[in-house]
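The values are calculated or read from the model by the stated rules, or taken from the named source; none is laboratory data. All of these numbers come straight from a predicted model, not from anything done at the bench. All Cβ positions, glycine included, derive from the backbone under ideal geometry; neighbour counts span all protein chains shown.
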Amino acid sequence: MLYEGVFPLRNIDFLYFITPNDTIKMNKNLFYSGLIAIVISLGSMGLFASLYKNEKTIKVEHVQATPAQRALYSVDQDGNIVPLDFNQTAEKVLETVVYIKSTQLYSASSQPHSYPNIPAPFRDFFGEEFDSFFGPRFRFETPRSAPGQSPARVGTGSGVIISEDGYIVTNNHVIANADDIEVTLHDNRNYKGTVIGTDPSTDLALIQIKEKQLPKLAFRDADDVKVGQWVLAVGNPMGLNSTVTAGIVSAKGRSINILKDKYAVENFIQTDAAINPGNSGGALVDLDGSLIGINTAIASPTGTFAGYGFAVPSDIVEKVVRDLLEYGVVQRGVLGVMIRTVDGNLAKEKTLKINQGVYVDSLLENSAAAKSGIESGDVIVKVNGKDIHTSAELQGAIAQHRPGEEVTIEVNRGGRQMSFQVILNNPEGNTSLATKEKREVLQLLGVELEEVDKELAKKLEIKGGVKVTELFPGKLKRETQIRKGFIITKVDGKSIRNVEEVVKLLEEKKGGIMLEGVYEDALGEFYYAFGL
């Protein structure tokens with residue numbers, strides 16, 4: 001007997017009993033119903049075909065190869081397909097990237113950046129201001145040595161060997177304010193590092209170790225670097241020595257406003273290769289193992305890698321290194337303009353004819369740009385034939401030149417393209433090159449000095465002097481508590497006005513030396529004694 005009905009989860013609500021005659025009738029009805037349905041379906045298909053017989057058909061194709069197989073190959077600059085293999089590149093670069101440990105000592109009996117002439121209750125009030133003198137964040141360590149030894153602040157980072165005779169590029173913030181710099185090679189050999197020079201405006205520094213026949217990295221022109229190409233970041237993140245990460249160039253010409261120097265140059269290469277604290281000063285290389293940048297910063301809400309790393313381009317690195325070796329200081333050419341990157345809103349506000357370039361807001365006094373004929377309201381679009389889209393790109397292009405050098409600047413003025421030959425100035429508004437005393441006595445002291453200008457001398461009510469602009473590992477840091485910014489007015493009681501006078505007095509002295517001077521932001525006179 002056949003039965004059908006509705007079956008809930010627990011109870012049977014209805015049962016229908018069906019007789020044999022009912023079954024025969026039902027079968028006939030089902031047969032006729034099915035036949036009618038078939039006829040209607042065939043008719044519908046014929047009608048559809050007649051209506052759309054002139055329409056184009058779409059062929060869907062499926063990729064047969066797997067993505068993993070495609071990722072094994074890349075294309076070189078000549079368009080040739082080459083295997084994508086990081087092994088050889090990593091092996092080549094690892095030997096050239098070093099681990100840097102910078103140690104800053106301070107007295108356990110006093111605050112490291114307190115003023116001896118300011119009463120204790122006021123020192124806490126000025127605490128936040130003092131912090132700016134100590135640069136990057138350090139972790140505190142207590143030395144495992146004899147009782148009474150001074151505690152230390154220890155920072156770690158990376159560096160890149162660029163010459164066989166031990167020259168190493170790193171970030172300025174890695175070695176800033178260090179009393180001792182220790183460099184460890186990939187094969188675990190240790191050396192003491194000597195600071196050759198620094199450039200806070202690009203956050204770069206050049207140090208040297210006493211060794212020969214070292215492996216080195218060659219520079220790749222940053223203009224050859226393309227967005228989307230593969231790169232490797234090599235360094236020592238979070239104490240994990242000799243770490244290699246892979247990614248691509250995410251963007252070029254980035255400015256993230258991380259450098260606080262007055263003449264800061266930010267024209268970073270952005271990459272998604274993982275970069276973390278400790279990678280600072282390490283190498284960003286292409287797949288040929290050529291240096292395209294020095295890893296410097298990350299953008300992160302947590303302080304660790306979030307997908308956005310930034311490196312100083314190789315062309316800026318090379319310029320800084322050459323200047324530090326040849327002159328002892330970086331020769332910075334400037335246009336003398338206040339600028340803004342052009343976007344849609346600025347173009348609408350200023351009724352510009354273009355939506356890309358660098359807008360000249362105003363020109364400074366003694367401006368090199370003004371002397372050449374560039375005017376406020378112009379949009380800079382090219383430098384020496386290279387397209388310029390952002391302020392960062394313009395800064396990077398100009399930063400590769402020294403004062404007195406000529407560059408070709410193309411601007412858009414009211415829709416017209418115009419070209420100007422500009423002879424770059426230095427930051428002081430003339431074309432002379434900066435000089436630095438390279439006397440052995442200053443290297444022994446570990447100090448950089450510059451003459452105090454007349455305006456500052458008048459403000460401080462002094463007749464003149466020289467200012468400590470940088471402090472490196474040396475006698476002053478080891479034997480005194482002198483700080484950057486100290487203005488030397490007398491050496492052993494003799495008044496001085498310029499760096500040459502300081503050098504001459506120190507070279508003629510033996511034994512104890514007394515420096516007398518002032519700080520711009522502190523009351524009273526200060527005295528520092530040390531021995532030669």
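Which one of the conditions (1) surrounded by 14 or more Cβ atoms within 10 Å (Cβ to Cβ); (2) modelled with pLDDT under 95 does residue 430 fail to meet, given that it meets all the rest?
All conditions pass for residue 430, except number (1).
Tally the residues that are within 15 Å of residue 450 (Cβ to Cβ), in a helix (DSSP H, G or I) and without any contact (Cβ under 8 Å) to a residue 40 or more places away in the chain, restricting the search to the stretch 496-523.
Going through the stretch 496-523 one residue at a time, the tally reaches 1.
Would you point out the residue of the stretch 283-336, among those that are over 29 Å from residue 408 (Cα atoms) and of a type in the set (Phe, Trp, Tyr), that is surrounded by the fewest Cβ atoms within 10 Å (Cβ to Cβ)?
308
Tell me whether the stretch 229-236 contains one or more residues that are surrounded by fewer than 20 Cβ atoms within 10 Å (Cβ to Cβ) and within 16 Å of residue 290 (Cα to Cα).
Scanning the stretch 229-236, I find at least one residue that is surrounded by fewer than 20 Cβ atoms within 10 Å (Cβ to Cβ) and within 16 Å of residue 290 (Cα to Cα), so the answer is yes.
Filter the stretch 475-497 for residues that are among the β-branched types (Val, Ile, Thr) and touching a Lys or Arg at 6+ places or on another chain (Cβ under 9 Å) and give the result. Walk me through it before giving the result.
Applying the first criterion (among the β-branched types (Val, Ile, Thr)) to the stretch 475-497 yields 480, 482, 487-489, 491, 496.
Result: 487, 488, 489, 491, 496.
From the list 357, 385, 377, which residue is of a type outside the set (A, V, I, L, M) and buried (at least 18 other Cβ atoms within 10 Å of the Cβ)?
Answer to the check: 357.
Taking residue 213 as meeting all but one of (1) over 18 Å from the mean Cα position of the chain (by Cα); (2) assigned to a strand (DSSP E or B), write down the number of the exception.
Only one criterion in (1) over 18 Å from the mean Cα position of the chain (by Cα); (2) assigned to a strand (DSSP E or B) is unmet by residue 213, namely (2).
Give the residues of the stretch 237-261 that are surrounded by fewer than 18 Cβ atoms within 10 Å (Cβ to Cβ) and either of a type in the set (Val, Ile, Thr) or closer than 15 Å to residue 391 by Cα (or both), sorted by residue number.
248, 251, 256, 257, 258
Name every residue in the stretch 437-458 that is more than 23 Å from residue 180 (Cβ to Cβ) and touching a residue at least 40 places away in the same chain (Cβ under 8 Å), in order of residue number.
Once the filter is applied, which keeps residues that are more than 23 Å from residue 180 (Cβ to Cβ) and touching a residue at least 40 places away in the same chain (Cβ under 8 Å), the stretch 437-458 yields 437, 450, 451, 456.
Of the residues that make up the stretch 398-410, is at least one part of a helix (DSSP H, G or I), not charged (D, E, K, R) and not assigned by TED's automatic domain parsing to the domain that holds residue 476?
Scanning the stretch 398-410, I find at least one residue that is part of a helix (DSSP H, G or I), not charged (D, E, K, R) and not assigned by TED's automatic domain parsing to the domain that holds residue 476, so the answer is yes.
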